[in-house]
Amino acid sequence: MYTITKGPSKLVAQRRTGPTQQQVESRLGELLKCRQPAPPTPPPPRAQPPEPWPLSSPGPRLVFNRVNGRRPPITTPSIEATQETYTLAHEENVRFVSEAWQQVEQQLGSGPASESSPRPVQYVERTPNPRLQNFVPIDLDEWWAQQFLARITNCS
């Protein structure tokens, strides 16, 4: 059975409300008066109602108070927590792909295909693309190493 407490709950009692729209607009007006010299003539009245929040000022700041007032303990990530955990299905998939790729490499490296075991077909373009004539593949690991070393030397 559920019980209903009398009076406001602790959560409702500790709720903070922000300033009213009128307070925000008056404060904004005061700040704008301080920053800019007063115009010689008053601005013409606007036909449209003012926006609820001007784009230049952020909205009200939300404040969340914990019920017991304590912050949760800050935990530092341990070495075990940062390591990835692999499921059995993941390991099985990796093993399958690795073994299949090794077979493909062996079949490509071996001699001509026999009728009993067909070889994998390696794709080669019949007419090379002229824009790729001067293409040189890069070693991504080497490139990252160079970037890392350059950052270290520039910082020191």
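FYI, it's all coordinate maths here, none of it is from the lab. Quick caveat, the model's predicted, so the values are computed rather than measured. Cβ sites come from the backbone with ideal geometry, for glycine too, and all protein chains shown count toward neighbours.
Across segment 89-96, coupling constants 3J(HN,Hα) worked out from phi with the 6.51/-1.76/1.60 Karplus curve, θ = phi - 60°, read 5, 5, 4, 5, 5, 5, 4, 4 Hz, and Gly and Pro carry x.
Gain on full extension, evaluated as 0.36 nm per residue between ASP139 and GLU92 minus their Cα-Cα distance, stands at 14.0 nm. Sorting 131-142, 19-30 by average packing, meaning the other beta carbons within 10 Å per residue, from highest down gives 19-30, 131-142.
Couplings 3J(HN,Hα) for segment 144-153, derived from phi with the Karplus relation 6.51 cos²θ - 1.76 cosθ + 1.60 (θ = phi - 60°), are 5, 5, 5, 4, 4, 5, 5, 5, 5, 5 Hz, where x marks Gly and Pro. Each Lys or Arg adds one and each Asp or Glu takes one away; over the other residues whose Cβ falls under 13 Å from the Cβ of GLU105, this sums to 0.
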